[in-house]
1. Run down B:178, B:227, B:211 and say which single residue is more than 30 Å from residue B:129 (Cα to Cα), aliphatic (A, V, I, L, M) and surrounded by 19 or more Cβ atoms within 10 Å (Cβ to Cβ).
2. Tell me whether the range C:87-94 contains one or more residues that are in contact with a Leu (Cβ under 8 Å, 6 or more places away or on another chain) and either within 14 Å of chain A (Cβ to nearest Cβ) or buried (at least 20 other Cβ atoms within 10 Å of the Cβ) (or both).
3. Only one residue in C:6, C:31 is small (Gly, Ala, Ser), open to solvent by less than 40 Å² (accessible area, probe 1.4 Å) and at pLDDT 75 or above. Which one?
4. Residues of the range A:304-342 being within 14 Å of chain C (Cβ to nearest Cβ) and acidic (Asp, Glu), which ones?
5. So which residues in the range A:94-142 are over 24 Å from residue A:285 (Cβ atoms), within 14 Å of chain C (Cβ to nearest Cβ), aliphatic (A, V, I, L, M) and open to solvent by 20 Å² or more (accessible area, probe 1.4 Å), if there are any at all?
6. Within the range A:82-93, how many residues turn out to be assigned to a helix (DSSP H, G or I) and crowded, with 19+ Cβ neighbours inside 10 Å?
7. Quickly run through the range A:301-328 and pick out the residues that are over 14 Å from the mean Cα position of the chain (by Cα) and without any contact (Cβ under 8 Å) to a residue 60 or more places away in the chain.
8. Quick one: which helices (runs of 4 or more DSSP H) lie wholly within the range A:238-299 and hold at least 3 residues that are more than 14 Å from chain B (Cβ to nearest Cβ) and under 21 Å from residue A:115 (Cβ atoms)?
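The values are calculated or read from the model by the stated rules, or taken from the named source; none is laboratory data. Values in this document were obtained by computation on a predicted structure and should not be read as measured data. A quick note on method: Cβ atoms are made from the backbone with ideal geometry, for glycine too, and the neighbour counts reach across all protein chains shown. Please note that ligands, DNA and RNA were not included when accessible areas were found on the heavy atoms of the full protein model with its side chains. Shrake-Rupley method; radii C 1.70, N 1.55, O 1.52, S 1.80 Å.
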Amino acid sequence: MKLYEYIIRRLILLIFVLFAVSILVFYFTRGFPRGIAPWAAYIHPKMTAEQIQQVIKEHGFDRPIYEQYFYWLRDVLRGDWGLTGAWAQGKPANEVFFNHFPYTVELSVFATIITVAIGLPMGIISALKNNKLPDHVCRVIALAGYSTPAYWFGFMLQLVFFYYFSVWGLPNLPSSGASTLGKPNITGLPILDGLLTGNFVYAWDEFLHLILPSFSLAFISLGFLARIVRASMLEVLRQDYIVMARSKGLKERVVIYRHALKNALIPAVTLTGIFFANLLGGAMITEYVFSWPGVGQQALRAIFQGDSNFILLYSLVFAVIIVLANLVVDVLYAFLDPRIKY
Amino acid sequence: MDKKQGEHQPILEIKNLKLNFHTYLGEVKALNGVNLKLYPEEVLALVGESGCGKSVTALAIIGLLPENAHITEGEILFKGENLLKKSKEEMRKFRMTECAIVFQDPATYLNPVLKMETQLKEVILLHKEDLKRAVIAEEKGEKIGYEEFLAMKNVVDKQNKNYKVSQKKINEMAEKLILDILKLVKLPDPQRILKSYPHELSGGMKQRTMIAMALARRPSLFLADEITTALDVTIQAQILYLLKELRKKIATSTLMITHDLSVAAEIADRIAVMYAGNVVEVGPTRAIFKEPFHPYTQMLLKAIPNIRNPTTRLESIPGTVPEMINPPPGCRFNPRCSFAMDVCRKDKPELKEVKMGHEVACHLYE
Amino acid sequence: MKTRRGEWEARLADIKYSLYLLRKNPLVMAGTLIAAFFILLALLANIIVDPKLAYPEGYPGGMYPFERKYVWNANHFIQWGPGVSLYYGPEFFPLGTDSYGRDLLKMIILAIPVDLYYATIITIVSAIIGTLIGAVASYAGGIADEIVLRITDVFFAFPALVLALVFASILGRSLETLTLALILVWWPPYTRLMRGQVLSEKEKPYVEALKALGASNIRILFRHIIPNAIFPILVQATMDFGGVILTFSALMFLGFSPSPAIPELGNLAADGYGHIFDAPWVILFPGLTMLIISLAFNLVGDGLRDVLDPRLRR
């Protein structure tokens, strides 16, 4: 089928997925009998029973669940995602979300860059020196990467690079939070805004703050990427056309770079795209460990408080990101591999 | 023709080559003392069943054996030098300038993500010096085509060493020469082919481009590993015809590997018959067909249907090819040979000349 | 019956070859040894260490009698630097104490079987459920296949952690509900994997031959297709095991545990959250144990994947 037909088909699928996700999450957060009460996020222990009832009526939690859903849907289509609970000062959910989203984007971009910069060469070296020492070393590093508990690694980094460095008198990296030397007013991305407004101190400080959390995130993903690249390269190096390239008398380096890599990197590129999308939605633990003011940290609090409005917004945005990322990646695949025709 | 070749020195000589493959189940003794001579400007067909070691021999010559292959004994002499003793870099240069191989299945031997242009040009761009000279010559007004390029090979030109030629001009010359070669292999619309990807070409066209890639490096040694096997019969005929034509123009020594005796009959000057890792008979084509000495060759010929006698019964050779981990001792053909004697089970026979230019490895002829 | 024996002989030869390949790889052997060590430790844990040490009698609900909270031995050869409270008493804690004053080493030993046990249950159950659903749905084809595919699509629109968190928060805080939550999160990948396998097996000639012989669909699916397609599932399960342990303990770390005193690696680490600089061992050692266990299983799984890759075998 033609390319645009394929894309349209996938987008329709996206709408279906969004509905399914919204219904599921709605039910789980508001209708499920055993869970946290949906009004729990809006009350505090000092309220009287009457006040609690008032809160319930205000938000419409006393209505039947399907009625609640339709009201919610109507509001959402008008752009109103409802208010958050006390944990976020009752601000509108989308305001809270989009205030924090750029920080997560920043973190994800940096983590992806580090992942690719380290993971890719690691995978290639592993494949070229298959079963020799560099391969074994890379393999252990890669597997250690995704065997590492996210919460543990973040803390270890903080311990060494912040605490011990300062104790030992070395220049240290900041341990948590984002930079407070300025405000991201233009694009919302602190580093970018710092550069755009000429506030280089701010941009640099933000960069320093980014190093540890990005590396913590990247360490876990780069192992995965390295393994995939390795497997892909090994597969390609076994192909007949590599023997052919060698038989032409080409230098080995040319054989690897021109013939092997192009083929082997196709799955790696697509995988990186998926990685990035996942990072955008779910670096929760890292954000928690580093007190990074991103969207994952907010989502964590929301889930604990049972704030259905925020959870719904978060889930749906993330579903869109993931499905779109999958779509982009699939289309990209078609461009990279000339054999695939739409 | 026989007399002429008897006076020349062989350009390629394989002496007693023994090769094993190291596998989980044991050592596969693939080559058991192969002896082969290839003379300049001739076509030698290496014929045998699947698994007898023909392709392995070709890979050994060009130095592209898989990792688990070990050469235990023997020499491969090219113009007097032993290829097995050469370093990796020397072998690379060998492949670049002297030896070209075309493989069986063009579909898997072409890189699917690179355009044909890249894959063809990269071969010729390796010969920067000669391309430079070609550009200089063209600027002086000479006509430069593939034939002239051929003639430049091995002629050292010290005059224009310091003359600078731009990369762009070199690329253009490369493209011109490639187009010339593509016309030589009878590919229609060469410009379009350059811009295509391999999967957009038909099997016959792909095979021709592979031959073009071989020609681009002006080899003195051309190895053709079952190049017609993957093609259907009409294309096969076309390719063979093309090879015969090229042969007249380009004086390369060719080792034509095939399991099809009729292909050998069509194009070869001499035929070498291989069985289970040994060359068992070698001789001029006519002689092999008229007077096959080795029992294996005789049975091979009896298995070919004869168009003049369509009703004679085809005979197949009893038994199967031996498995090479524990091959039969002595002459490896003895379990299937109707003339087997005691000595055949003990001693391996060596190639001996029985008639002018016609050698056999069989105890019957000692 | 002759064919059955032939089948098993072939499978046995295959397995022998796989073991031979595995032995050639030193990393996989190391991983297997470490994993075996931990499994053994898990089985013997309650014998080595008195489980009552985790819950001293008469002190339910986290009120422990010890004064020695978050301390490190004064005469230990590892010195953590300033800010660490030191213990000068008679007992020696090789890995320090946690927030309740319990010996951290003993707690870790008690925690290992807990983690391994739940991870095993989660992996096996989700693998079985996912595989069955995937196999049946894709073999049946048609609407059943479409529905199952869409359902897995929805599940894939979430990262594993978020989904697990959502399930955990609604199902309540107990180890069993956490297990259930993770099972619900972990079955879709198996379904997809199995689906891919079954779809390609379905087209193979032997299935047609079996149908021509009159075999029922159930027989074809269970006795022929599934055994042929099972290898990638096994590899995936082994690799997932490490991931499941990590996620399970991550959930406990984030606060889903029913009681802060339960010996479980994530739970133990959660204790040290606010004390990273003055009591780093509380997070360091449980996390390190987690890393080693997960690494060991991942090494085995990775090695298995290399070995079972049909293109790498000779």
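1. B:227
2. yes
3. Result: C:31 is the single residue among C:6, C:31 that is small (Gly, Ala, Ser), open to solvent by less than 40 Å² (accessible area, probe 1.4 Å) and at pLDDT 75 or above.
4. Hits for the range A:304-342 are A:307, A:330.
5. Of everything in the range A:94-142, those that are over 24 Å from residue A:285 (Cβ atoms), within 14 Å of chain C (Cβ to nearest Cβ), aliphatic (A, V, I, L, M) and open to solvent by 20 Å² or more (accessible area, probe 1.4 Å) turn out to be A:133, A:137.
6. 2
7. A:303, A:304, A:328
8. Helices (runs of 4 or more DSSP H) meeting the threshold: A:262-282, A:284-290.
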